[in-house]
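K.L.:
Have a look at the structure that comes next, please.
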Amino acid sequence: MPQAGPGVSPAEGVTYVGIDTLQEQTRLKALRRGYTFNLLVVGRSGLGKSTLVNTLFKASVSRRKSGLEEPLPSTTEVKTESSSLNEGGVRLNLTITDTPGFGDHINNENCWEPIVSYIEAQYARYLEEEQKVNRLLHIPDSRIHCCVYFIPPTGHSLSSLDVEVLQRLDKIANVVPVIAKSDTLTLEERVAFKERIRADLSDHGIRVYPLLEYEDSDDAQENSKIRERLPFAVVGSTAWHEVHGKKLLGRRSNWGLVEVENKSHNDFAYMRDMLIRTHMQDLIGSTAERHYENFRRSRLFSKASTKAPIVNGQDSNHMKNLNESKI
Ligand SMILES: Nc1nc2c(ncn2[C@@H]2O[C@H](COP(=O)(O)OP(=O)(O)OP(=O)(O)O)[C@@H](O)[C@H]2O)c(=O)[nH]1
Ligand SMILES: [Mg+2]
């Protein structure tokens, strides 16, 4: 009778192969390598994008700083900030890219171009690395996994500029819409505004994350709850306030304190939870599987259709690529 031990399972006569350790092997490898999550904030000028970037870092990354902060200057260039987090042995490199606001000019034609170019440049960079003959085993990932789009808290409907920008962004990235400065709306106004925006998004065929057609049945319930809450009505602040001996991020006014992370005050915590706690892996995966894949396909297709002539029996584009990869 076979003995239980290395190579032999306790069950009689069955040799233990060890495939049940595959999951653990994959987990350990992922832990060692760590995760990268890249977020982009986009919207008109002065809607609180930079404030929200700082709020996210403070609420998710550091709780050490305290006191009131200096007012933020208007953002004039694309700025990327990273932070390395380590929780329970899992390493996460969280990168948030802040963009200058747009929509201030009389003519706002093509004001979305720098943002679209930025997102595509990250895909192009990845593709270039992927196509090298001697490519890196783990290509540094700067692709935007989620684009948080700020809607002005007008209480009316989506403006034509917002529609135009969103129609371009949803084709190339996962877009999560948020109502900026939602503390300026009453609770009833918020509910009505959310409904109006959801209707506008659907009327204009704008597809925001999480997309119904790609979801697993396991995620259906959670995703439908998120969709009912979209766009997240957020409040940003980098100022800590002491309430009952606890330090809280919030915005104080004459009539009280709006707590950033209080779910009955605003949706910041719901948004943060979706981005970091529940949907990060799906945002990363869907960027690679759908948006990057679309970019890759169309880039390679257009490259193939403008293929360089054959020189001395060799495809000159291919030779150029080979030469570049040797450098
Ligand atoms: N009421 C309210 N004000 C906010 C909120 N978030 C930011 N602000 C204020 O709005 C102003 C502009 O904030 P920024 O974060 O610089 O806005 P921005 O979108 O980065 O601006 P640009 O870089 O110029 O596009 C500042 O005075 C902030 O204090 C919010 O949630 N509610
Ligand atoms: Mg800014």
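Computed from the coordinates by the stated procedures, all read-outs in this text should not be read as laboratory data. Predicted model, so just to flag it, every value in this text is computed and none were measured. Cβ: placed from backbone, ideal geometry, glycine included. Neighbour counts: every protein chain shown.
K.L.:
For the chain, set up a Gaussian network in which alpha carbons nearer than 10 Å are linked by springs, and say which option among V191, V41, V243 fluctuates the most.
P.N.:
With Cα springs under 10 Å in the chain, the top fluctuation among V191, V41, V243 is at V243.
K.L.:
When the helix-only estimate is applied to the chain (DSSP H runs of n ≥ 4, each -39,500 (n - 2.57), divided by the residue count), what is the mean residue ellipticity at 222 nm, nearest 500 deg cm²/dmol? Write down the numbers at each step before the final one.
P.N.:
Numbers: 10 runs with 120 residues, N = 327.
One gets -11500 deg cm²/dmol as the mean residue ellipticity at 222 nm.
K.L.:
Here's a follow-up. Given H placed 1.01 Å from N in the peptide plane, which residues other than close sequence neighbours of T75 have an amide H under 5 Å from its amide H?
P.N.:
Long-range HN contacts for T75: G101.
K.L.:
Using per-residue counts of other Cβ atoms within 10 Å, averaged over each peptide, order 140-147, 258-265 from highest down.
P.N.:
Most protected by this proxy first, the peptides run 140-147, 258-265.
K.L.:
Using modelled amide H (1.01 Å from N, peptide plane; none on Pro or chain starts), what sits under 5 Å from the amide H of T36, excluding residues fewer than 5 places away?
P.N.:
N93
K.L.:
Can you figure out the FRET efficiency of R196 with Y16, using R₀ = 51 Å and their beta-carbon distance, to the nearest 0.05? Walk me through the numbers before you get to the answer.
P.N.:
Numbers: r = 61 Å, r/R0 = 1.19.
Efficiency computed from Cβ-Cβ geometry: 0.25.
K.L.:
Given R₀ = 22 Å, FRET efficiency for D104-E81 by Cβ-Cβ distance, to 0.05?
P.N.:
Computed FRET efficiency for D104 and E81 comes out at 0.40.
K.L.:
Report, by chain and number, residues whose modeled amide H sits under 5 Å from the one on G236, excluding near sequence neighbours (fewer than 5 apart, same chain).
P.N.:
K181
K.L.:
Checking the a/c ratio against 1.5 first, then a/b against b/c, what shape does the Cα gyration tensor give for region 54-213?
P.N.:
Oblate, because a/c is 1.5 or more while a/b does not exceed b/c.
K.L.:
Moving on. Of K171/K303; K49/K194; K225/K247; K79/K225; K58/K247; K79/K263, which sit over 22 Å apart, Cα to Cα?
P.N.:
Violating the 22 Å Cα-Cα cut-off are K225/K247; K79/K225; K79/K263.
K.L.:
If I model a spin label as a point 7 Å beyond the Cα along the Cα-Cβ vector, how far apart are those points for R27 and S159 in nm?
P.N.:
Each label point is offset 7 Å from its Cα along the Cβ direction, giving 4.9 nm.
K.L.:
I would also like to ask the following. Using the Karplus equation 6.51 cos²θ - 1.76 cosθ + 1.60 (θ = phi - 60°), what ³J(HN,Hα) coupling, rounded to whole Hz, does each residue of region 201-206 give in order, writing x for Gly and Pro?
P.N.:
4, 6, 4, 9, x, 8
K.L.:
Follow-up question, since we're still on this one. List, largest first, the extents of the alpha carbons of region 188-245 along their principal axes, each in whole Å.
P.N.:
46, 29, 20
K.L.:
I'd like the Karplus ³J(HN,Hα) series for region 154-159: coefficients 6.51, -1.76, 1.60, θ = phi - 60°, whole numbers in Hz, and an x wherever there's a Gly or Pro.
P.N.:
Result, ordered by residue: 6, x, 9, 8, 5, 7 Hz.
K.L.:
Where does the longest stretch of the chain lie that holds no chymotrypsin sites (Phe, Trp or Tyr not before Pro) found in a DSSP loop with 15 or fewer other Cβ atoms within 10 Å? Write out the running numbers ahead of the final one.
P.N.:
Numbers: sites that count: Y16, W255.
Between exposed loop sites, the widest span is 17-254.
K.L.:
Here's a follow-up. Taking other Cβ within 10 Å of each residue's Cβ, how do D162, D273 sort, fewest first?
P.N.:
Ascending number of Cβ neighbours within 10 Å: D273, D162.
K.L.:
So if the hydrodynamic radius of the chain is defined as the Kirkwood radius over C-alpha pairs, what does Stokes-Einstein give as its diffusion coefficient at 10 °C and 1.306 mPa s, in µm² per second?
P.N.:
For these conditions, the coefficient is 70 µm²/s.
K.L.:
Next question. Whole-Hz Karplus ³J(HN,Hα) for region 251-257, in order, using 6.51 cos²θ - 1.76 cosθ + 1.60 and θ = phi - 60°, x for Gly and Pro?
P.N.:
10, 9, 10, 4, 9, x, 10
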